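Every number here is computed from the coordinates shown, using simple stated rules; none is lab data. Model, not experiment: these values are computed from the prediction. So basically every Cβ, Gly included, is an ideal-geometry build from the backbone, and we count neighbours across all protein chains shown.
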């Protein structure tokens, strides 16, 4: 009888131990799940911060690009690209817009300038300076009425007709509204005054 009681107690203890082990396993599993959950939350938070920082950097970069674009658009206001020239032939005045390059800078240093320009080919008037100017010549391909160019390093050319060309020139500027220019300059030599427009 006593032995039978010991066996029963042993079985009960074994069952209790198994139950406790199951409870402990369940508890440990819950702890591990909670740790994973915390880690996921931390990872998501870090990713969110990274995305926020990237969006902030992209926004800042976009603002910088917009500012640069705005500066480029406004550069003509008071800048060299917006430098205007007054070209006077007889009693007729023509407004011209100059290019922004070293050649036009050198030309501006000579203004106001009154010169006698010679006729050539029925489409241009030219004048040779006593000294050379900086050049940045290129094959123009097509000359437009009102173009102001430098041929070589010392020849100022005012074109009063449009035509195709294989020659190279340095661009100086262009008369804004060349209508009537050919009639004003005529077919002979002319006196032209160049000055900065008000």
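Quick check: residue separation of residue 92 and residue 184 times 0.36 nm, minus the Cα distance between them. What number comes out in nm? Present the calculation step by step, with values, prior to reporting the outcome.
Details: separation 92, 0.36 × 92 = 33.12 nm, distance 0.74 nm.
Full extension of this stretch gives 32.4 nm more.
Over 5 Å intervals from 0, what percent of Cα-Cα pairs in segment 81-196 sits in each interval?
2, 12, 24, 28, 22, 10, 1
Over what distance in Å are the Cα centres of segment 98-120 and segment 125-155 separated?
Their Cα centres are 10 Å away from one another.
Length gain on complete extension for the stretch residue 39 to residue 5, per 0.36 nm per residue less the alpha carbon to alpha carbon distance? Intermediate results must be reported in sequence, preceding the final value.
Details: separation 34, 0.36 × 34 = 12.24 nm, distance 5.08 nm.
So the extension gain works out to 7.2 nm.
To the nearest 0.05, what FRET efficiency results for residue 84 and residue 191 with a Förster distance of 22 Å applied to their C-beta separation?
Working from the Cβ atoms, E equals 0.55.
Estimate the FRET efficiency between residue 115 and residue 139 by the formula 1/(1 + (r/R0)^6), using the beta-carbon distance for r and 25 Å for R0, to the nearest 0.05. Numbers along the way, then the final one.
Working: r = 27 Å, r/R0 = 1.06.
Once the sixth-power term is evaluated, E becomes 0.40.
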